[in-house]
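First up is the structure itself, then whatever we jot down about it.
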Amino acid sequence: MFARFLKTLDLPIPVAERRAEPVSFATMIARWAKHTNAPKKGLDDMTATVRRFTAWLGHDDMAKVTFEKARDYRDAMIAAETGSRQTISTT
């Protein structure tokens, strides 16, 4: 009932409820590499790390990633004892 009342007020949609445009990890990695002038090894390492993460997520849309999903990935890595300590602490 309250939601129906709010709709009648014609208020703007809160940012948290807006549908975000898809943002691919590949696009953001390219921007990051250009912005930081990342060396080839840095770019390759970031790409490999993101590839594992997106395989676990099942999609390549940064806009859909929540804190909980990132936490669950970290916990899965720890449980499986994969990844280096540095990778786990920065996830």
Checklist entry - Counting only residues that are closer than 21 Å to Trp32 by Cα and among the charged types (D, E, K, R), how many does the stretch 47-79 have? => result 5
Checklist entry - Give me the pairs: first residue in the stretch 4-28 and modelled with pLDDT of 75 or more, second residue surrounded by 10 or more Cβ atoms within 10 Å (Cβ to Cβ) and not in a helix (DSSP H, G or I), beta-carbon distance under 6 Å, and six or more apart or on different chains, which are they? => result Pro22/Asp61; Ser24/Asp60; Phe25/Asp60
Checklist entry - Of Asp75, Asp61, Asp44, which residue is modelled with pLDDT of 90 or more and in contact with a strand residue (DSSP E or B) (Cβ under 8 Å, 6 or more places away or on another chain)? => result Asp61
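The values are calculated or read from the model by the stated rules, or taken from the named source; none is laboratory data. Since this is a predicted model, take the numbers as computed values, not measurements. All Cβ positions, even for glycine, are placed from backbone atoms using ideal geometry, and neighbour counts span all protein chains on display.
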